[in-house]
Amino acid sequence: MALSFDKQYTFEEVNNMVNKNLITFYWVDNSSDEQKENKINANSKLDENQDTVIGIKSMNQYGDIMYNVKDRQDNFIDAVKKLRLNGKNEIVQNIDENNIKISGVVVVGSTTELKAIQENSMIKYAIIGNVVDKY
């Protein structure tokens, strides 16, 4: 289930308000102030590149789940630093590694586990779906 929040939260706040063991992906805000204003202004033409998704995965490069949220955050910060060192700053130009803002998460769990999230006041939108391997 994809969850969009009512506002941006810190990584720590999200892990305290949503069961961290259900989170598979954290959607990190990477929008500039101008892009955020454009999203609010319905009459504005949206930039097709402004919705690039950058996020924190709950799995490492070997496909193993990282249950320690500090490991998740550290892995993401390392990736951001590598992108900057390799001249790819435009991909992460609006991310502050010391103040990561989360706009939403993807969670996976049983019906009971997901129902427990249902009444969480921080959730603005929820989309239920499933993922299948294309191959």
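Computed from the coordinates by the stated procedures, all read-outs in this text should not be read as laboratory data. Small disclaimer: the values here were computed from a predicted structure and weren't measured. Methodologically, a virtual Cβ is constructed for each residue, glycine included, from the backbone with ideal geometry; neighbour enumeration extends over all protein chains shown.
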Legend entry - Protection proxy ranking, peptides 13-26, 87-100, average beta carbon neighbours within 10 Å, highest first: 13-26, 87-100
Inset, instruction - Could you list, in their original order, any pairs among K20/K88; K88/K115; K57/K115 whose Cα atoms are separated by more than 32 Å? - result: K88/K115
